[in-house]
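Peer 1: Below: one structure in structure tokens.
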Amino acid sequence: MKHLNKIVFSLTALAFVAIAAFVASPASAAPKMKTIILATTTSTQDSGLLDELLPVFEKSTGYFVKTISVGSGQAMKMGEKGEADVLLVHSPDAEKKFVEQGFGVNRRLVMHNDFIILGPASDPAKIKGEKSAKEALKKIAAANALFLSRGDNSGTHALEKKLWKATGLKYEGNKWYQQTGLGMGQTLSVAAEKKGYTIADRGTYLSVKKNLGLDILVEGDASLLNIYHVIEVNPSKWPKVNAAGAKAFADFMVAKKTQAIIKTFGVKKFGAALFFPDAGKDPKTLGL
Amino acid sequence: MDLILEGLITAFKLLMALDPEVLSITWLSLKVSGIATLISVGIGISCGMIVALTRFPGKKFVVSVVNTGMGLPPVVVGLFVTVFLWRNGPFGFLDILYTPTAIIIAQAVIATPIVMGISIAALQNLPAKMRLQILSLGATRMQMVMILVKEARLPLMAAVMAGFGGVISEVGASIMVGGNIKGYSRVLTTATVMETGKGEFATAFALSIILLLLVFIVNYLFTLIQQRERPR
């Protein structure tokens, strides 16, 4: 048995050498307090905005940002557990609660765009041109037209639930109401394939629309405003949080230079800006 | 049809242009899954050897646990590894969540039972009397084990290929523990999911083709080793 043990030992040793070699390799040698975990929504990543902003931030500060793009709901859950340092999210009601409960500090307005109700060009529920988002949803329900919900506790899902609630209708459990449980881009694809209605943020829609057959049917209602805030996770709750890094990132998001980048982002590629910078503005002026 | 054609063209263009981002993603995929496979081969074949060549009570139970492990869903592994590696979790002090190292750990956990299960089957498949025969010809135990491994070379190489195939194609765990961070922990599969989410189907298609090519090349090399003429 001794020799068998020897082989086992050498193979195991090989495995550990492999691990050690990798741990020591530069790829994982990111400096410790120099990394920031940013939990954010799928829309900021899928629209390509972060790909534009992060290199600028990393270059000027030396921090390395680990972006985890999930729904706003999950992003805040990560914040609650101290598994993220800073959040960039768009779910105002949940954010207020998050800060009130002491999980986050320094919530600051960054930018906005708007949500739009999309659907197939044939528009079976005849909602095109409808001014009120609420009325549009009522029509969709009345026509039993397929509606695709994100169903993932994201900011978009939160808004959509709020709108449905306002209609006073029982929407869940209906055959025409389906939840994808996917990100915005994928939910748009599903809606396009199934010729259903859905609600999306304009940023993601503009950046993926070339492959879709969905039309904007309802827009411009005040209830469709989509507002992004940056929140630092409260370091007094979780000592392991990189508070300095979080503050640096939050400051960066509302800085003049960054706001200028946000303002022009997407103009060249999509023909229209995807986000409107709002740093320093009173939220009330946006209609909140 | 357009999409498939466009995807092929994009893949070709990305490959021809040696797009640095695509190259680094491909290289990271190969590196991460390669190391994970190496670890799983180290642990899987050695433990498999012990289980296959020794007798102990509860052996059938151990083997069935390993065989169940061959079907470990990557997302389940991803979830467990994430919870363990959380900053405020039991291994939080390591500070390796959302790094390529975390992906390697998750993938090694996925591949080890695969390699081990097939190794056990491969070694048990050898005629039982062969061991006695080898020993009676005067071989030491070490030599005997080496001969057995050589005899079982074909299925053992299949074990390595199955392990590698299982992890290079896996996305659930990689995205959970790696975070799909640009230029850092983004691998081919997670990039494909992301590009699909963005609606960039042509790019997603191109990445898939590159992934398939990579898997083919690696398996071709493995197969060359496997099918080599037996040294007599």
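The values are calculated or read from the model by the stated rules, or taken from the named source; none is laboratory data. Every value quoted in this text rests on a predicted model; they were computed, and no experiment measured them. No Cβ is skipped: glycine too gets one built from the backbone with ideal geometry, and neighbour counts run over all protein chains shown.
Peer 1: Can you name the residue in region A:54-97 that is within 12 Å of another protein chain (Cβ to nearest Cβ) and among the aliphatic types (A, V, I, L, M) and is also surrounded by the most Cβ atoms within 10 Å (Cβ to Cβ) among such residues?
Peer 2: Applying the filter and picking the extreme gives A:ALA84.
Peer 1: Consider A:THR187 carefully, then state whether it is in contact with a helix residue (DSSP H, G or I) (Cβ under 7 Å, 6 or more places away or on another chain) and either on the phi > 0 side of the Ramachandran plot or not basic (Lys, Arg) (or both).
Peer 2: When the stated conditions are applied, A:THR187 does not pass them.
Peer 1: Now for a different question. A:GLY168: surrounded by fewer than 19 Cβ atoms within 10 Å (Cβ to Cβ) and either in contact (Cβ under 8 Å) with a residue 24 or more places away in the chain or outside the structural domain of A:THR61 (by TED's automatic domain parsing) (or both), yes or no?
Peer 2: Criteria met by A:GLY168.
Peer 1: A follow-up question, please. Looking at A:LEU50, A:LEU118 in this structure, which one is within 11 Å of chain B (Cβ to nearest Cβ), surrounded by 15 or more Cβ atoms within 10 Å (Cβ to Cβ) and modelled with pLDDT of 90 or more?
Peer 2: A:LEU50
Peer 1: Scan region B:82-104 residue by residue and report those that are touching a helix residue (DSSP H, G or I) at 6+ places or on another chain (Cβ under 8 Å) and surrounded by fewer than 22 Cβ atoms within 10 Å (Cβ to Cβ).
Peer 2: Listed by number, the residues that qualify are B:THR82, B:TRP86, B:GLY89, B:PRO90, B:PHE91, B:GLY92, B:LEU94, B:ILE96.
Peer 1: Conditions first: (1) of a type outside the set (A, V, I, L, M, F, W, C); (2) under 20 Å from the mean Cα position of the chain (by Cα); (3) away from chain A (no Cβ under 12 Å). B:SER136 passes all but one, so which condition is the exception?
Peer 2: (2)
Peer 1: Another one. Yes or no: region B:14-22 includes at least one residue that is more than 30 Å from B:LEU135 (Cα to Cα) and within 11 Å of another protein chain (Cβ to nearest Cβ).
Peer 2: Yes; the residues of region B:14-22 include at least one that is more than 30 Å from B:LEU135 (Cα to Cα) and within 11 Å of another protein chain (Cβ to nearest Cβ).
Peer 1: On the given criteria, is B:SER169 within 14 Å of chain A (Cβ to nearest Cβ), at negative phi and not aliphatic (A, V, I, L, M)?
Peer 2: Considered against the rule, which asks whether it is within 14 Å of chain A (Cβ to nearest Cβ), at negative phi and not aliphatic (A, V, I, L, M), B:SER169 comes out as no.
Peer 1: Here is a check on your reading of the model: is A:LYS128 surrounded by fewer than 22 Cβ atoms within 10 Å (Cβ to Cβ), of a type in the set (D, E, K, R) and part of a helix (DSSP H, G or I)?
Peer 2: It is false that A:LYS128 is surrounded by fewer than 22 Cβ atoms within 10 Å (Cβ to Cβ), of a type in the set (D, E, K, R) and part of a helix (DSSP H, G or I).
Peer 1: Sticking with this one: Here's a check for you: in region A:199-220, which residue that is β-branched (Val, Ile, Thr) and farther than 17 Å from A:ARG150 by Cα is nearest to the other protein chains (Cβ to nearest Cβ)?
Peer 2: Among those residues, the one meeting the criterion is A:ILE216.
Peer 1: Tally time: how many residues in region B:1-17 are in contact (Cβ under 8 Å) with a residue 12 or more places away in the chain and closer than 15 Å to B:GLY199 by Cα?
Peer 2: 5
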